[in-house]
Each structure stands twice: as C-alpha cells, then as structure tokens.
1. Please give the per residue accessible area of the chain, computed with a probe of 1.4 Å over protein heavy atoms only, in Å².
2. With no solvent and one equal point scatterer placed on each C-alpha of region 169-245, evaluate the Debye formula and give log10 I(q)/I(0) for q = 0.22, 0.24 Å⁻¹, two decimals.
3. Percent of Cα-Cα pairs per 5 Å bin, from 0 to the last occupied bin, for the chain, please list those.
4. In whole angstrom, and with the biggest value first, how far do the Cα coordinates of region 77-171 range along each principal axis?
5. Explain nothing, just the number: dipole magnitude of the chain about its Cα centre with +1 on each Lys and Arg Cβ and -1 on each Asp and Glu Cβ, in debye rounded to the nearest 20.
6. Out of all DSSP beta bridges with both ends in the chain, state the antiparallel percent to the nearest 5.
7. Take the alpha-carbon centre of region 133-205, take the same for region 87-126, and report the distance between them in whole Å.
8. Mind listing P(r) for region 110-245? All alpha-carbon pairs, 10 Å bins, whole percents.
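The values are calculated or read from the model by the stated rules, or taken from the named source; none is laboratory data. Just so it is clear, the structure is predicted and the values come from calculations on it, not from any experiment. Don't worry about glycine lacking a Cβ; one is built from the backbone with ideal geometry, like all the others, and counts go over all protein chains shown. Protein only, heavy atoms only, side chains kept; ligands, DNA and RNA dropped before computing areas. Shrake-Rupley method; radii C 1.70, N 1.55, O 1.52, S 1.80 Å.
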Amino acid sequence: MDVLGIDIGGTGIKGAPVDTRDGSLLAERHRIPTPDPATPAAVADIVADMVRHFGWTGPVGATVPARVQHGLVRTAANIHDQWIDTQVDRLFSDATGCSVTVLNDADAAGLASMRFGAGSGLDGIVFFITVGTGIGSAMFYDQKLIPNTELGHLRLKGGSAEDYASNRVRREKDLSWKKWARRFQKYLDRIEFLFAPDAIIIGGGISRPMKVAKYWDYLSTQAALIPAELENEAGIIGAAAAAAR
Ligand code: BGC
C-alpha cells in the first residue's frame, strides 16, 4: 500500500510517499521548516501544504513528539502547550481531506526499525530509544508495539532523563562524547534494571555511523545494543507503516 508519511519535528516537518510493503520512499523527501510558534493550527497548515506538494489523496500517517492515545494528544514536553487534548487525527484529516493516522514519533521510528531496519527479526523485549532534543522510547514484545511508553521522562539525577542525557543537553553543556556517554549509560542502566530488554536499538541523529564511532565504545549493556539504520527517514516510514495497518 502507498501511504504519505509525515514526520513532525521541532525544527522541520518532513514527508514522502512510502511503499509500506518494503519501506522504500516513492519520491524525494520534502522538508518544510516547523512554524514558530508550532501551534496545532499552524502545523496543520503545513501538513496540508505537504499533502498538496505531493498531490496526495490517499491515506496519510503522521508523527508528533508527544503521547498520542487513539488520536488524542496527551502530553507536550517539547511542543506547544496547545497540543494537549487536541484530537490530532481529526485536525489533520479536516485540514487535508485525507484519512490521517497519527502516532508518537519514537513509536513510528521504532516501527520502521522493527519492520525494515536493525530490528527486523528481533523477538523478545526490544526497546527503540531515539536521542535528539528529547529522548523518545518505543517498546516492542515479539515485534508488537506497546505504544506511548515515554521513557525519556524516567526520573534520573533528580529530573527528567531527557534533561540529563539527550543530545540537546550534550550540545548545550558542550559535553565531550565520553562525558555524555557516561550520562547516557546511566539511562541505559535504568532501562535495563526496569525492563530487562533483549535488545536496545539507538536511533535519532546520534545513530549516524559518523556519530556512533565517537561514543559506542563507552557504552555497555547486557542487552544487545544496536545502532538504528534508517536515521532521518525512520519517522516518515514508520508513520506510513502505522497508517497502512
Ligand atoms: C516526548 C516524546 C517524544 C520524544 C522524542 C519527548 O520529550 O515526550 O513524546 O517521543 O521527546 O521526540
């Protein structure tokens, strides 16, 4: 099935049509800067622009960086407060005239990874952890997503884990990769203690091979630790895959 996947992030909104049988992009990815302020109405306008850009009339899958329960946004850690209690699937469907499925960004990237990337064929408990401005999590058991885990907000060092170990914190505090990895290790230890996963896949900007080389040797887990493969496109592909179900 062909689905337009749209990944809504803090700085950019990226979209492409996806063949959900193999996760391949059917056209070049299109990126539009995220509006400021990124209110639901302003973002819905961009989603409509994206649909027009591809002349799309079929199903659409979209991500947002928040807990999304049955199309209803429940939290807003790194996005505008107005998102809370927005029925986002209806908002985007009304704005585009297409049928739109919406899910959490980490859940979408994780889905893509399990179907088409580093997680394919992995059974048991698998976590996909995406590290960027925030920390996002997706939990799978025998390939089945348990949605909206929001484990970037685990308490760590007296605050939210993402305020201690995200890539944003590394940049803001100008931490060396080694120092940041020490922080991220504490986060991984906590995940292992609580859930005893069989594998942990690390996604987000820090999963690019060039970045991975800078910190991978400082991390150690009982679970198999695997860098994600789909990088930038994971959210788009996963959003499309979720809408195709
Ligand atoms: C949000 C999550 C999101 C993650 C990554 C967190 O701050 O609460 O919903 O998945 O950032 O974007």
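1. Using a 1.4 Å probe on heavy atoms only, each residue of the chain averages 45 Å².
2. At q = 0.22, 0.24 Å⁻¹ the computed log10 ratios are -1.08, -1.16.
3. All Cα pairs, binned at 5 Å, distribute as 1, 7, 15, 19, 20, 16, 12, 7, 3, 0 percent.
4. 43, 36, 21
5. 840
6. 60
7. Region 133-205 and region 87-126 have Cα centres spaced 19 Å from each other.
8. Reading upward from the zero bin: 13, 47, 34, 7, 0.
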